[in-house]
1. Counting only helical runs of four or more DSSP H residues, what would the 222 nm mean residue ellipticity of the chain come to if each run contributes -39,500 (n - 2.57) and the total is spread over all its residues?
2. From the list (i) -0.78, -1.17, -1.26; (ii) -0.65, -1.20, -1.38; (iii) -0.68, -1.13, -1.24, can you say which value of log10 I(q)/I(0) by the Debye sum over Cα atoms at q = 0.13, 0.17, 0.18 Å⁻¹ was derived from the structure given?
3. At what distance in nm do the modelled label points of ARG164 and GLU85 sit from each other, each positioned 7 Å from its Cα along Cα→Cβ?
4. Using only Cα atoms, find the angle between the long axis of helix 172-197 and the longest principal axis of the chain, and express it within 0 to 90 degrees, rounded to the nearest 10.
5. Quickly work out the PHE103-to-ILE191 label distance, labels modelled 7 Å from Cα along the C-beta direction, and quote it in nm with one decimal.
6. Distance in nm between label sites at ALA15 and VAL40, each 7 Å beyond Cα in the beta-carbon direction?
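What follows draws every value from the coordinates through simple rules; no lab data is involved. Model, not experiment: these values are computed from the prediction. Virtual Cβ from ideal backbone geometry, glycine too; neighbours counted across all protein chains shown.
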Amino acid sequence: MFSMQVPQILLLAVAAGYVLGSIPSAVIISRMRGVDIFSVGSGLAGATNVFRSVGPMEGTIVSMIDAAKGALTIAIAYRLGLAEEMVLLPALAALIGHWRSLFTRFRGGDGVATLVGVTVALFPVYGLVSVFTGLVVSLIARWLGQPVPTLWGGIAGYGFLLLRAPASQDSALTIVGVVFLALVVLAHGVIGHRRRAA
């Protein structure tokens, strides 16, 4: 009986993830400060652009909200009874919602903070270690003048998750899936930045 309900549950979780991901926190917070985030800086509705173009406090708030979108997506998926590996589909939907928001004519940000929320929700301890590792490496790369410091941070953080997969009690498939999501976010960001620079 339960297996007959899985497609409906999965569809509901994916829809919830997309709607949560679509919440345009960067747009809302920026407008409260009189700024159209799509018209300044990188033109992205993400925490980094808000941090640089509106202010550090506003950027931090957006980061926290965007991370919460990813974490809440995972919490809902688990609450609905999805198996561990299947929650990656709602997680992907949340990222797509962040990239192509229903509420901003399908514009958005890179999705890094949302991915962080997903990662920490799935792996509370090692997810935090991964995020911290990525943050430190990203700051060092920025200090060294690297052009894309978040790239190095992402490689370090999610590389750490992948390397510990064989010894982990977590599902190896879920770990690999999260690393795959990180690669998708990276590819989306790189392609988007190249298009804007062209």
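1. On the way: 9 runs with 144 residues, N = 198.
Helix contribution divided over all residues of the chain: -24000 deg cm²/dmol.
2. (iii)
3. Those two pseudo-labels are separated by 2.2 nm.
4. 30
5. In this crude spin-label approximation the distance works out to 2.6 nm.
6. Modelled inter-label distance: 3.7 nm.
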